[in-house]
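The values are calculated or read from the model by the stated rules, or taken from the named source; none is laboratory data. This one's a predicted model, so the numbers in the text were calculated from it and none came from an experiment. For neighbour counting, all protein chains shown are included, and Cβ atoms are generated from backbone atoms with ideal geometry for every residue, glycine included. The area values use the complete protein model at the heavy-atom level, side chains included, leaving out ligands, DNA and RNA. Shrake-Rupley method; radii C 1.70, N 1.55, O 1.52, S 1.80 Å.
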Amino acid sequence: MSEAGLRQAQEKMRAAGAADVAIKVFSHYYRLLESGQQGTIREDDIEPVGELPHLENLDTDADSMRAALAETVVIKLNGGLGTGMGVTGPKSALPVKDGLSFLDIIARQILSTRKTYGVDLPLVLMNSFRTKEESLAVLSEYSDLPVDGLPLDFLQNMEPKLLEDDLTPAEWPADPELAWCPPGHGDLFTALVASGALDALREKGFRHAFISNADNLGATPDGRIAAWMAEHDVPFGMEVCRRTRSDRKGGHVAVRKSDGRLILRDSAQVHADDTKLFQDVTRHKTFNTNNLWIDLDRLAELMDGHDGILGLPIIVNHKTLDPADPDSPKVIQLETGMGTAIETFEGSQAVVVDRSRFKPVKTTNDLLVLRSDVYELDKAGDLTTTHEGDEPYVDLDPEYFKILADFEARFEAGPPSLVRADRLEVRGDVAFGKDVVVVGDVEVEAPAGERKMIADGTELRG
C-alpha cells in the first residue's frame, strides 16, 4: 500500500513541476517513515555540550571582518504567513516598528552593513509561492538592494501531505493548496540547489551564507562571526543562547556519544520518557536561535556527494489536513529542520550569543513588546533597548488578542510604555488608551462579558 502511496506522491510532485532533487529528498524521508522512523533522539544517546566560545570573546579585527563579509550572503527564511495571527500574507510584510515592516528593517540593516564595511553583501529571500510577490514588492522600494547577477529570492519546495491511515497523498478539493505543505526549513539546502541559487552565489565568489528567520530582527550580519568562520575554516556555525526557564521547550545542542559530533535535538524529537531531562536548563544549557553560518563550498560538496540528500533527521509532524478544521482527515507532514545539519558537517561549531540576536515575533505578545518603547530603532535598522534586565514578559488573553485585527483594535492609540515593566498579563476584553504606562508586575482583568477601558495617561502598577 505504501509503495503505491510513494508512487502517487512522486507523480503528484512531478505534475506540479517539482525539481528532481526535491522528489528524491521527499522519497528518502517517505521510506524512513515507512520503515517506522520517527526521528526520536534518546537522552541515553547524547551528553550535554561543554563550554562553547562566546561572541564577545572572538578575536578578530576590522580587516578580517571586512574580508569575510565580502564573501558572505545573507539568506532570510521568508516562507511564513501570519496565519497564527490571522494574517493571510507574508508575516515579514507586517508593520512592526515605526511603521516599518520586517522586510523594510532587514533592507536597512543590509544597506547599512554594506556602507560600513564597503562590501556587496547580497540579501536573498527563501520565499514560498504565497510570500514571493508581496515580499518582492516591499523590497522593490530599495533600488540599490539587488546585487548584479544574483536573484533576490528563490522558492522553497512543496510536498504532498500524506493521509495518516495509508500514506497516500491527501486531496482537498475545497482548497487544493491545503493538500500541500513545506518540508520544514531543512528544505533550504535542497531549494538552494534546485533553484540554481547555490551555483550562482559560488560563481560570484561568495563563500559563506548567514541564514536566519525573517521575523528575527536581532539576526544582523555580524562581522566577528564571519571572520571567525573564515579564519578557523568552520563549515557550519550555529548561534546559541543561554537557556532560561522560558526556553525549556526550545531545541538544544548536545554531543552524540557514538561519534562525538554536535547535534541539535528539537522538541519534536524527544521521547516522552525524556521530556523532563530535555527541559532541564541546568543540564542542556543552550538553545538554537536558528541563526546559522554555512560554508557554501562545503555544502555543495556534501550535496554532490550524497545525490542531493543531506540525510537530516526526520521530523514526523501529525496534523489535520485543514488546520482550521479539527474534523478534517489526519495527515502526516514530513519535515526537517535546517539546524539539524550541524551533525552533517564534520567540524561544526556553536557560538554563544546574547539575547539581543534573538528577537523572533511568533505571537502578538512578542509584537507588542517590539512595538513598545522597550526597543528603539536606529537609522541602521538596529534595535536597541534601554530596558534593564530581561525584556518584560507579556501574556495577552488569546481570545481577544491572538488575531492581529483584534489586537490592534485594543491598542488603537498605540502600545503602552513597557520600558519600566517586568510583566504584563491581560485577561478578558481590555482596551488601552493613549500614553498608558506599565510599571513593574501588572495584571489587568476585565469583568466577564464586558470590555474594560484603560483611560489615556493611566499608570498601571501591580
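Below are the figures for this structure:
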item	result
Residue within the stretch 392-402 that is touching a residue at least 40 places away in the same chain (Cβ under 8 Å), closer than 18 Å to R371 by Cβ and open to solvent by 70 Å² or more (accessible area, probe 1.4 Å) present	yes
Cβ pairs under 6 Å, 6+ apart, first in the stretch 171-199 and closer than 19 Å to Q333 by Cβ, second open to solvent by 60 Å² or more (accessible area, probe 1.4 Å) and charged (D, E, K, R)	A179/E171
The listed residue being in contact with an Asp or Glu (Cβ under 8 Å, 6 or more places away or on another chain) and either surrounded by fewer than 15 Cβ atoms within 10 Å (Cβ to Cβ) or modelled with pLDDT of 95 or more (or both), out of K257, K249	K257
Where a residue in the stretch 449-460 is over 11 Å from V437 (Cα atoms) and of a type in the set (A, V, I, L, M) and its partner, wherever it lies, is part of a loop (DSSP other than H, G, I, E, B) and modelled with pLDDT of 95 or more, with Cβ under 8 Å and at least six apart	M453/G433
Single residue of T72, T131, T88 found to be under 24 Å from D354 (Cα atoms) and not acidic (D, E)	T72
Any hit, the stretch 75-92, residues being open to solvent by 50 Å² or more (accessible area, probe 1.4 Å), in contact with a strand residue (DSSP E or B) (Cβ under 7 Å, 6 or more places away or on another chain) and either modelled with pLDDT of 95 or more or of a type in the set (D, E) (or both)	no
Within the stretch 91-124, tally of residues that are over 28 Å from I403 (Cβ atoms), of a type outside the set (V, I, T) and in a strand (DSSP E or B)	1
Those residues of the stretch 269-305 which are among the β-branched types (V, I, T) and open to solvent by 10 Å² or more (accessible area, probe 1.4 Å), in sequence order	V270, T275, V281, T282
Cross-chain or 6+ apart pairs with Cβ under 6 Å, the stretch 107-121 first and open to solvent by 40 Å² or more (accessible area, probe 1.4 Å), then in a helix (DSSP H, G or I)	Y117/R66; Y117/L69
Of residues in the stretch 1-52 being open to solvent by less than 30 Å² (accessible area, probe 1.4 Å) and among the hydroxyl-bearing types (S, T, Y), the one nearest to F278 (Cα to Cα)	Y29
Number of positions in the stretch 314-334 that are touching a helix residue (DSSP H, G or I) at 6+ places or on another chain (Cβ under 8 Å) and in a loop (DSSP other than H, G, I, E, B)	4
Tally of residues being in contact with a Lys or Arg (Cβ under 7 Å, 6 or more places away or on another chain) and open to solvent by 60 Å² or more (accessible area, probe 1.4 Å) across the stretch 414-442	1
Qualifying position, being touching a helix residue (DSSP H, G or I) at 6+ places or on another chain (Cβ under 6 Å) and either closer than 30 Å to A405 by Cα or buried (at least 17 other Cβ atoms within 10 Å of the Cβ) (or both), among G308, G337	G308
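A quick yes/no check of all residues on (1) farther than 13 Å from N78 by Cα; (2) small (G, A, S); (3) open to solvent by less than 20 Å² (accessible area, probe 1.4 Å):
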{"position": "T131", "(1), (2), (3)": "no, no, yes"}
{"position": "L136", "(1), (2), (3)": "no, no, no"}
{"position": "P146", "(1), (2), (3)": "yes, no, no"}
{"position": "P160", "(1), (2), (3)": "yes, no, yes"}
{"position": "D166", "(1), (2), (3)": "yes, no, no"}
